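Novice: Pasting a structure below so you can have a look.
The values are calculated or read from the model by the stated rules, or taken from the named source; none is laboratory data. From a predicted model like this one, the values you see are computed outputs, not experimental measurements. Counting neighbours? That spans all protein chains shown, and the Cβs are built from the backbone with ideal geometry, glycine included. SASA here: full protein model, heavy atoms, side chains in, ligands and nucleic acids out. Shrake-Rupley method; radii C 1.70, N 1.55, O 1.52, S 1.80 Å.
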Amino acid sequence: MIEYEESTLIDMLMEAGAFTEEERAEAEKYREENGISLKEALIERDHITQEDIDALKQAAELGFEYKRLEHLSRDESATALMPANFAADKKVVPLKLENNILHVAMTDPLDVGLIDDIRLITETEIQPVLSQENDILDAIRRFYGMTAEDIINRNLDVPIGVTPVEEIEAIEDFGLDSETLAQTPTVIHYVDQLIIDAVREKATDIHIEPMEKNTRIRFRVDGVLQERPVPPKNIERAIISRVKIMSHMNIAERRRPQDGSIQRRIPTLGNREIDIRVSTVPTFWGETVAMRILDKTIVSFGLEELGMLEDNMAQFRRLINRPHGIILTTGPTGSGKTTTIYACLKEINTPEIKILTVEEPVEYDLPGINQIGVNTDIGITFANTLRHILRQDPDKIMVGEIRDSDTAEMAIHAALTGHLVFSSLHTNDAAGAVTRLIDMGVQPYLVASSLEGIAAQRLVRRVCRRCREMYHPDDTELRDLGVEPGTVDADILIPKPVGCPDCNYRGYSGRVALYEIIIMSDDIRDMAYKEVPTTEIRKVARKHGMRTLREDGWLKVMRGVTTIEEVRRVTADEEYSTY
């Protein structure tokens, strides 16, 4: 196989669309920080894979072009020549049409028989391009719109063996129950494709919600629910039954809530392993289903990926390396508290340290860490388990959530006996965690002596860097965010969302956390001991350098990471008096 110098190889990969200019700049910075080669940095930052390198070399050896298709836009003149069912069946996708030459991505550019078939169908000359199968299948979905609703509506003749909707309607007319209907190919493929669509769009949740006259399907993408085309109402129960079968639930039980889980390996997404937590609840019009998608790639997040600014990162690193005490993350459900704690555990996880966690449930497998799942049905609670794990000689402990006084007192006991304890708490801001613990019944002197630091957080959507537009904010926008116009440079530019194929025309792609960090000082410990109100604790924390969530958000707006609208969406207007 041909060998290339690293710089040549990287230039060729960039030309092939394997990574962007922004990703190259990020890898360059990572390379300098870690003293490694640019190729190693690109691989470690997941911008390229060894498969990319091998495929590029193979293509060059065969005399073909290698192309990554992730960021490629559709050429309508090319896709119009090839039927969607042919593309999906043969796993090929037309890329562009130039002078009656059709460039076609294939996994095997030497397949002469297939090339002849494409030439016959399209009536063009064919220029094969080598691409990976996952890339081709994803491009087919983007170019032709092959999604779950297409399977139901039979717009595409895939997957093979799908029963047309008309046949489903006829079957139901003969009185077959939803369990039987759930085993038909259409319903099976529809639910499978629904999951694939959600994972491809990086959704965290799928919601199936029965209404009076239709069935609402929604994905939660980057924290925001977005509707999807609805399936026929008459197969609603069959779809829900199929999900329950996959989740190992009792499909005959429709009167009580149920919980289950699904494990799936998705070949079209690189054999990606996905765990799904499933919950069903009876409502007026039928059972509503919520499916939480647990993406195992989240476990690879380190502190750098969380979005902390440099000063907060330095504070936090000092905090998590303390020998004992309690460190809390706070915020509403879905604000990324667990992800932050996992990143902390990853940072301090070394062979010299024993880490034990108590979680409900254990969502992600953390290599090298002992994880215990809470099961209240058999008496395994946070508090009870904490009593026992202290006998396991741990150095660091993670408690998934402090919900009651028993758990809080056991966590404090662990901290006071020489352990560093990580946990989460539901409060609106960092200062509120102090009074919340006291409200739970924990003695103020215990809170004051054990608590080391608190990080409140919210998640905002990242503005798409490919299509964002920079503009000058007006005075009204600044004041709405609590920023005095006179404190801002007159020529400042901030981003606004636009929408492009890369971000699915949403204007946003991915999320980043806003942080509000309190390091416990003597003044704040004294205030905790005296049970001073939250508002007073916040004022003192500000004097000691705490940056509020909204202030942290504004700094990220100025850096072009997110938008004013996103910061306002997740932070309350009346909470802060900023700048």
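Novice: Of 444, 210, 198, which is farthest towards the positive pole of the chain's charge dipole, taken about the Cα centre with +1 and -1 on the beta-carbons of Lys, Arg and Asp, Glu respectively?
Specialist: Value computed over the given set: 444.
Novice: In the chain, which cysteines lack any other cysteine Cβ under 4.7 Å from their own?
Specialist: Cysteines of the chain left without a disulfide-compatible partner: 344.
Novice: Here's another thing I want to ask about it. For the charge dipole of the range 467-548, defined by +1 on Lys and Arg C-beta atoms and -1 on Asp and Glu C-beta atoms about the Cα centroid, which residue among 533, 505, 545 has the Cα displaced farthest towards the positive pole?
Specialist: Farthest towards the positive end: 533.
Novice: Compute the long axis of helix 21-34 from its Cα atoms, compare it with the longest principal axis of the Cα atoms of the chain, and write down the angle in degrees, 0 to 90, nearest 10.
Specialist: Once rounded, one gets 50 degrees.
Novice: Applying the Karplus parametrisation 6.51 cos²θ - 1.76 cosθ + 1.60 with θ = phi - 60° to the phi angles of the range 314-322, what ³J(HN,Hα) value in whole Hz is obtained for each residue in order, glycine and proline being reported as x?
Specialist: Calculated HN-Hα couplings, in order: 4, 4, 5, 5, 5, 5, 6, 9, 6 Hz.
Novice: Rounded to the nearest 20 debye, what is the charge dipole size of the chain about its Cα centre when +1 sits on each Lys and Arg Cβ and -1 on each Asp and Glu Cβ?
Specialist: Result for the chain is approximately 1700 debye, rounded to the nearest 20.
Novice: Using the heavy atoms of the protein chains alone and a 1.4 angstrom probe, what is the accessible area of the range 208-288 per residue in square angstrom?
Specialist: Computed with neighbouring chains in place, this is 51 Å² per residue.
Novice: Using a 10 Å cut-off on Cβ atoms, rank the peptides 498-508, 550-560 from the highest mean neighbour count down.
Specialist: Descending mean neighbour count gives 550-560, 498-508.
Novice: Nearest 20 debye, what's the magnitude of the dipole of the range 344-461 about its Cα centre given +1 on Lys and Arg Cβ and -1 on Asp and Glu Cβ?
Specialist: 180
Novice: Around residue 24, what is the net charge, scoring Lys/Arg as +1 and Asp/Glu as -1 over all other residues with Cβ under 11 Å from its Cβ?
Specialist: Value of the local net charge: -3.
Novice: Among 86-98, 40-52, how do they line up by average Cβ neighbours within 10 Å per residue, starting with the highest?
Specialist: Highest-to-lowest ranking by the protection proxy: 86-98, 40-52.
Novice: Let me ask something else about it. Relative to the longest principal axis of the C-alpha atoms of the chain, give the angle of the C-alpha long axis of helix 549-558, reported between 0 and 90° and rounded to the nearest 10°.
Specialist: 40
Novice: Once the dipole of the chain is set up with Lys and Arg at +1 and Asp and Glu at -1 on Cβ about the Cα centre, which of 407, 453, 483 lies farthest towards its positive end?
Specialist: Of the listed residues, the answer is 407.
Novice: Under the rule of -39500 (n - 2.57) per DSSP H run of 4 or more residues, summed and divided by the residues of the chain, what mean residue ellipticity at 222 nm is obtained, to the nearest 500 deg cm²/dmol?
Specialist: The per-residue figure over the chain is -11000 deg cm²/dmol.
Novice: Roughly how tilted is helix 534-543, in degrees to the nearest 10 and between 0 and 90, from the longest Cα axis of the chain?
Specialist: Relative to the chain, helix 534-543 is tipped by roughly 80 degrees.
Novice: Each residue of the range 254-266 in turn: what ³J(HN,Hα) in whole Hz from Karplus with 6.51, -1.76, 1.60 and θ = phi - 60°, glycine and Pro shown as x?
Specialist: Taking θ as phi minus 60°, the curve returns 10, 9, 10, x, 9, 10, x, 8, 10, 10, 9, 10, 9 Hz for the range 254-266.
Novice: Follow-up question, since we're still on this one. Given that just one value was derived from the coordinates, which of (i) -0.32, -0.75, -1.13; (ii) -0.38, -0.86, -1.21; (iii) -0.47, -0.95, -1.18 is log10 I(q)/I(0) by the Debye sum over Cα atoms at q = 0.06, 0.09, 0.11 Å⁻¹?
Specialist: (ii)
Novice: Which of 39/67; 39/202; 337/396; 57/90; 396/530 have a Cα-Cα distance over 20 Å?
Specialist: Flagged as over cut-off: 39/202; 57/90; 396/530.
Novice: Report, in debye and to the nearest 20, how large the dipole of the range 393-514 comes out about its Cα centre when Lys and Arg carry +1 and Asp and Glu carry -1 on their Cβ.
Specialist: The dipole of the range 393-514 has a size of about 620 debye.
Novice: So how do 454-462, 435-443, 22-30 stack up, highest first, on mean other-Cβ count within 10 Å?
Specialist: Highest mean packing first, the order is 454-462, 435-443, 22-30.
Novice: Just to make sure I understand: if all protein chains stay in place, what is the order of 338, 562 by accessible area at 1.4 Å, largest first?
Specialist: 338, 562
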